[in-house]
1. If I ask for residues that are among the charged types (D, E, K, R) and either closer than 25 Å to K38 by Cα or in contact with a His (Cβ under 8 Å, 6 or more places away or on another chain) (or both), which ones from region 59-78 would you list?
2. Any idea which residue in region 53-102 is nearest to G168 (Cα to Cα), counting only those that are assigned to a loop (DSSP other than H, G, I, E, B) and more than 14 Å from the chain's Cα centre (by Cα)?
3. Quick one: which of F71, F61 is touching an Asp or Glu at 6+ places or on another chain (Cβ under 8 Å) and in contact (Cβ under 8 Å) with a residue 40 or more places away in the chain?
4. If you take the residues in region 74-99 that are surrounded by fewer than 16 Cβ atoms within 10 Å (Cβ to Cβ) and either hydrophobic (A, V, I, L, M, F, W, C) or touching a residue at least 60 places away in the same chain (Cβ under 8 Å) (or both), which one is nearest to V115 (Cα to Cα)?
5. Scan F71, F54, F129 and give me the residue that is within 18 Å of N161 (Cβ to Cβ), among the aromatic types (F, W, Y) and touching a Leu at 6+ places or on another chain (Cβ under 9 Å).
6. Taking into account only those residues within region 146-172 that are part of a strand (DSSP E or B) and free of Cβ contacts under 8 Å to residues at least 40 places away in the same chain, which is farthest from F100 (Cα to Cα)?
7. Filter region 79-128 down to the residues that are in contact with a His (Cβ under 9 Å, 6 or more places away or on another chain) and at pLDDT 90 or above and list them by number.
8. In region 106-155, which residue that is polar (S, T, N, Q) and over 24 Å from G85 (Cα atoms) is surrounded by the most Cβ atoms within 10 Å (Cβ to Cβ)?
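The values are calculated or read from the model by the stated rules, or taken from the named source; none is laboratory data. Please read all numbers here as calculations on a predicted model, not as lab measurements. With ideal geometry, Cβ positions are generated from the backbone for all residues, glycine too; neighbour counts draw on all protein chains shown.
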Amino acid sequence: MKKLTIALVAVAVSVTGAFAGTTAKTFKETVAPAPECKFRDQELQVDAFAAGAFYNSGRPFWGGGLGVNYFFTKYIGLGVEQLIGGRGDNAEWATIGNLFIRYPFCFGLAPYAMVGGGAAYGTGVGHGFGHVGGGLEYRVTDNIGLFSDARYVYSSEDPKNGLLGRAGLRFAF
């Protein structure tokens with residue numbers, strides 16, 4: 001009888017653990033981390049571009065140039081560019097400063113607005129000008145992007161006003 005009692009107690013003890021209660025279900029949601037944005041704070045950029053300008057007073061301008069931009073935040077940056085090209089037989093070059101305001105989307109696209117000015121030189125005569133415009137940049141990788149922009153250029157000297165467009169590669173560091 002003792003063996004039967006001990007066996008029943010052992011079975012009862014082992015079974016009570018199985019019926020001790022329901023298991024607690026956790027309702028923790030697994031949240032995937034947000035994708036890292038391709039546009040960063042404190043970003044240095046180097047541009048290489050082709051350019052074309054159409055003025056209201058004559059032949060179009062064709063050329064290209066290099067630029068350097070620095071973004072203090074994801075949204076605001078300053079830049080300088082050197083543009084070299086020509087209109088007909090006249091060679092011209094310009095040094096231009098820009099203020100950029102962009103709104104980057106983390107999937108690699110960033111529309112931007114720009115305002116600035118500079119000085120153009122050709123055949124020994126220089127003149128100042130200002131501009132306002134906008135563009136779009138697409139980051140192919142975290143450090144390489146394609147961009148295109150257009151700006152309205154205004155000046156009190158000849159050529160008075162025109163439209164300048166650029167397209168090129170942007171390298172971000």
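1. The first filter runs over region 59-78 and keeps only residues among the charged types (D, E, K, R), leaving 59, 74.
Correct list: K74 only.
2. Taking region 53-102 first, the residues assigned to a loop (DSSP other than H, G, I, E, B) are 56-60, 72-75, 88-89.
Adding the requirement that they be more than 14 Å from the chain's Cα centre (by Cα) leaves 56-60, 88-89.
On the way: N56: 25, S57: 26, G58: 25, R59: 23, P60: 19, G88: 23, D89: 25 Å.
Here the residue is P60.
3. After applying the criteria, what remains is F61.
4. Taking region 74-99 first, the residues surrounded by fewer than 16 Cβ atoms within 10 Å (Cβ to Cβ) are 75-76, 78, 80, 82, 84, 86, 88-91, 95, 97, 99.
Narrowing the set further to residues that are either hydrophobic (A, V, I, L, M, F, W, C) or touching a residue at least 60 places away in the same chain (Cβ under 8 Å) (or both) leaves 76, 78, 80, 84, 91, 99.
Numbers: I76: 12, L78: 10, V80: 12, I84: 20, A91: 25, L99: 5 Å.
Only one residue tops the list, namely L99.
5. On the way: F71 fails: within 18 Å of N161 (Cβ to Cβ); F129 fails: touching a Leu at 6+ places or on another chain (Cβ under 9 Å).
Unique residue meeting the criteria: F54.
6. Taking region 146-172 first, the residues part of a strand (DSSP E or B) are 146-154, 161-172.
Among the residues that remain, those that are also free of Cβ contacts under 8 Å to residues at least 40 places away in the same chain are: 146, 148-152, 154.
Details: L146: 16, S148: 14, D149: 12, A150: 13, R151: 12, Y152: 15, Y154: 18 Å.
Applying the filter and picking the extreme gives Y154.
7. Initial filter on region 79-128 (in contact with a His (Cβ under 9 Å, 6 or more places away or on another chain)): 96, 98, 114-121.
Hits for region 79-128 are I96, N98, M114, V115, G116, G117, G118, A119.
8. Only one residue tops the list, namely N143.
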